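Following: one structure in structure tokens, then a few remarks.
The values are calculated or read from the model by the stated rules, or taken from the named source; none is laboratory data. Because the structure is a prediction, the values reported are computed rather than measured. Positions of Cβ are generated from backbone atoms using ideal geometry, with glycine treated the same way; all protein chains shown enter the neighbour counts.
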Amino acid sequence: MEDLNFRKGDAKTDVFGSDRMLQPSPIEKIPDGPTTPEVAYQMVKDETFAQTQPRLNLATFVTTYMDEYATKLMNEAININYIDETEYPRIAVMNGKCINIVANLWNSPEKDTWKTGALAIGSSEACMLGGVAAWLRWRKKRQAQGKPFDKPNFVISTGFQVVWEKFAQLWQIEMREVPLTLEKTTLDPEEALKMCDENTICIVPIQGVTWTGLNDDVEALDKALDAYNAKTGYDIPIHVDAASGGFILPFLYPEKKWDFRLKWVLSISVSGHKFGLVYPGLGWVCWKGKEYLPEEMSFSVNYLGANITQVGLNFSRPAAQILGQYYQFISLGFQGYKV
Ligand SMILES: *Cc1c(COP(=O)(O)O)cnc(C)c1O
């Protein structure tokens with residue numbers, strides 16, 4: 001018999017020939033004891049070995065490539081929890097700078113040094129925040145008028161992304177869907193207005209419909225809505241779901257009005273991890289001014305060493321994406337995003 005010990009001390013044998021590797025990977029229970037980092041790494045890595053490489057994933061708009069320096073910056077920040085603003089105050093400032101840059105790309109009229117907006121995990125959280133703000137503004141107004149506020153609705157085309165179904169279900173706000181047809185491939189303003197009433201908290205046009213890439217005509221909607229609001233006495237606003245378009249239109253079609261230049265557009269959301277060109281998960285939402293962000297949505301906690309005021313569904317969240325976004329802004333510049 002050949003001496004089978006000849007490979008003892010060989011790192012490869014220690015990993016692939018280990019007792020732990022002879023067991024199936026855990027499915028239901030945490031293993032009894034520890035194993036070496038090398039073995040654990042190999043087991044976890046191998047579980048995903050057979051799937052596609054992210055860069056071969058052509059079914060997503062989400063970023064699968066950032067350059068070496070961006071990746072380095074993000075990896076170096078992987079252990080930073082954004083919410084701990086007192087420990088990492090420079091990141092809180094960087095977040096504010098990103099919000100300013102995004103708000104200005106969308107032609108925010110806000111004069112304050114720090115524009116009104118929030119960091120999110122993706123467009124989903126950002127859409128929810130925009131939707132909740134619209135709902136709370138509507139509710140407050142209804143309460144003040146002594147009118148019922150138990151049947152809110154919003155209007156969107158059937159091209160909506162699933163987040164709006166979640167928003168409708170989780171907050172119990174009726175979703176009114178304007179059909180898309182071969183003749184009307186984007187949200188038809190007149191059809192949308194037919195679905196509005198005193199209980200409509202907002203209309204949600206989409207910039208970059210997930211399924212078609214088409215843009216709802218926000219300018220036409222804004223114009224029709226202006227006449228409608230004047231006639232009815234309502235003040236139904238617009239939240240633009242610009243998950244993809246928010247980082248495309250400002251660069252490619254800066255003259256196209258879909259953003260805060262329009263009267264009734266009070267909030268806009270975007271995915272930083274789509275055409276913001278940052279690894280997942282990152283989203284942004286901005287309001288036209290701080291008067292449109294209801295105070296009830298800012299939560300103050302005395303925690304982690306100071307008073308923190310925060311807007312968001314999540315509390316703890318990764319900070320690395322903020323460094324990634326700020327890096328991309330600096331590194332690519334306006335021209336870089338354009339090409
Ligand atoms: C992708 C997308 C969303 C959801 O965005 P996430 O960043 O994945 O949460 C919402 N709306 C539209 C139009 C989208 O394309």
Of ASN100, ASN79, ASN107, which residue is over 29 Å from ALA242 (Cα atoms) and at pLDDT 95 or above? ASN79
From the options ILE268, ILE308, residue that is within 15 Å of the ligand (Cβ to nearest atom) and part of a strand (DSSP E or B): ILE268
Of residues in segment 33-85 being surrounded by 13 or more Cβ atoms within 10 Å (Cβ to Cβ) and among the β-branched types (Val, Ile, Thr), the one farthest from the chain's Cα centre (by Cα): THR35
Across segment 20-63, what is the number of residues that are without any contact (Cβ under 8 Å) to a residue 12 or more places away in the chain and within 16 Å of the ligand (Cβ to nearest atom)? 5
Wholly within segment 120-234, which helices (runs of 4 or more DSSP H) include no fewer than the required count, namely at least 2 residues that are within 16 Å of the ligand (Cβ to nearest atom) and not small (Gly, Ala, Ser)? 123-144, 162-171, 218-232
Might you let me know whether segment 285-303 holds any residue that is within 16 Å of the ligand (Cβ to nearest atom) and buried (at least 22 other Cβ atoms within 10 Å of the Cβ)? yes
